[in-house]
Amino acid sequence: MDVKIEQSWKNALAPEFEKPYFESLVRFLHAEKAAGKVIYPPGRSIFRAFELTPVDAVKVVILGQDPYHGAGQAMGLSFSVPDGIQAPPSLKNIFKEIQTDLGIPMSGSPNLEPWARQGVLLLNASLTVQAGLANSHSRIGWLEFTDAVIRYLSENREGIVFLLWGNSARSKKALIDPSRHYILEAAHPSPLAGGAFFGCRHFSKTNEILIRQGKTPINWQL
């Protein structure tokens, strides 16, 4: 199956694209669109996270659950929305934590592409969603695919910092080899977590880990 995805990821995940679950997933998405269903993000953005952060560039993984399901929000990067769109509550809380943790103002763009270009893989567990219906595509095969992504990084790279926020992300911990990588866990940044995310200091901790490895730290300011 020919999937339009960045070449290093296409090579890495080639076995997945030939599996029955992935072929079924593609058929499902085509059928839903043919039936007039609105699906986010737009087709060209489904694999945007991979396009901006090739395999060898990945230094950090931030795992989200599924794309935003409101019009104009989803852009293929976890937690990110395009310029001109108001930052959703979880993203606002991420910015608050960065401000508290690093002392830098986060009054700029809600578009997290600059992070992705520095090596932060902004990966949602599901890569599509039906408009207005959160988690509507969580059972069509995406979880198997993104598990394969995490497993590949765990087995083929070294020293990646995985940021697991909330129970959904934490459930992926078993896929990561802690002897090869770094795992930081916290509550989800959603307001529904009652502020439990605040104080995790994951942004300064991530940079400390990267610096210890001789890697360039992430400039989190937007």
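Total residues in the range 169-208 satisfying the condition of being farther than 23 Å from residue 126 by Cβ, of a type in the set (Gly, Ala, Ser) and touching a Ser or Thr at 6+ places or on another chain (Cβ under 7 Å): the figure is 0. Does the range 108-149 hold any residues that are aliphatic (A, V, I, L, M) and touching a strand residue (DSSP E or B) at 6+ places or on another chain (Cβ under 7 Å), and which are they? Selection gives 112, 116, 120, 121, 122, 123, 125, 129, 131, 149. On inspection, residue 180 passes the criterion of being within 28 Å of residue 5 (Cβ to Cβ), touching an Asp or Glu at 6+ places or on another chain (Cβ under 6 Å), open to solvent by 60 Å² or more (accessible area, probe 1.4 Å) and not in a helix (DSSP H, G or I). From the list 126, 109, 78, the lone residue that is among the small types (Gly, Ala, Ser), surrounded by fewer than 20 Cβ atoms within 10 Å (Cβ to Cβ), under 18 Å from the mean Cα position of the chain (by Cα) and assigned to a loop (DSSP other than H, G, I, E, B) is 109.
Among the residues of the range 45-70, which ones are assigned to a helix (DSSP H, G or I) and either at pLDDT below 95 or of a type in the set (S, T, N, Q) (or both)? I'd like the intermediate steps shown before the answer.
Here is the first cut: in the range 45-70, the ones assigned to a helix (DSSP H, G or I) are 45, 48-52, 55-57.
Hit for the range 45-70 is 45, nothing else.
Being aliphatic (A, V, I, L, M) and either touching a residue at least 40 places away in the same chain (Cβ under 8 Å) or open to solvent by 60 Å² or more (accessible area, probe 1.4 Å) (or both) is the filter here, so list the residues in the range 82-104 that pass it. Of everything in the range 82-104, those that are aliphatic (A, V, I, L, M) and either touching a residue at least 40 places away in the same chain (Cβ under 8 Å) or open to solvent by 60 Å² or more (accessible area, probe 1.4 Å) (or both) turn out to be 91, 94, 98, 102, 104. Taking every residue in the range 48-65 that is charged (D, E, K, R) and pairing it with any residue that is in a loop (DSSP other than H, G, I, E, B), at least 6 positions away or on another chain, the pairs with Cβ-Cβ distances below 7 Å are 48/75; 48/76; 48/77; 51/6; 59/119; 59/160; 59/215. Restricting attention to the range 38-57, the residues being farther than 17 Å from residue 126 by Cα and not hydroxyl-bearing (Ser, Thr, Tyr) number 5.
Looking across 32, 23, one residue alone is surrounded by fewer than 17 Cβ atoms within 10 Å (Cβ to Cβ) and of a type in the set (D, E, K, R). It is 23. Does residue 143 qualify as being hydrophobic (A, V, I, L, M, F, W, C), at negative phi, open to solvent by 20 Å² or more (accessible area, probe 1.4 Å) and in a helix (DSSP H, G or I)? Yes: the conditions hold for residue 143. Exactly one residue out of 131, 169, 174 is among the hydrophobic types (A, V, I, L, M, F, W, C) and open to solvent by 40 Å² or more (accessible area, probe 1.4 Å), and it is 174.
What residue, among those in the range 5-20 that are assigned to a loop (DSSP other than H, G, I, E, B) and farther than 22 Å from residue 112 by Cβ, is most open to solvent (accessible area, probe 1.4 Å)? Outline the logic, then answer.
Taking the range 5-20 and keeping what is assigned to a loop (DSSP other than H, G, I, E, B), we get 5-6, 13, 18-19.
Imposing the further condition that a residue be farther than 22 Å from residue 112 by Cβ reduces the set to 13, 18-19.
Numbers: 13: 4, 18: 107, 19: 77 Å².
If we take residues in the range 5-20 being assigned to a loop (DSSP other than H, G, I, E, B) and farther than 22 Å from residue 112 by Cβ, then 18 is most open to solvent (accessible area, probe 1.4 Å).
Scanning the range 43-75 for residues that are under 21 Å from residue 203 (Cα atoms), polar (S, T, N, Q) and open to solvent by 10 Å² or more (accessible area, probe 1.4 Å) returns a single hit, 65.
The values are calculated or read from the model by the stated rules, or taken from the named source; none is laboratory data. Keep in mind that what you see is a predicted model, and the values were worked out from it rather than measured. Virtual Cβ from ideal backbone geometry, glycine too; neighbours counted across all protein chains shown. Ligands, DNA and RNA are stripped out before the accessible areas are found, and what is left, the full protein with its side chains, is counted by its heavy atoms. Shrake-Rupley method; radii C 1.70, N 1.55, O 1.52, S 1.80 Å.
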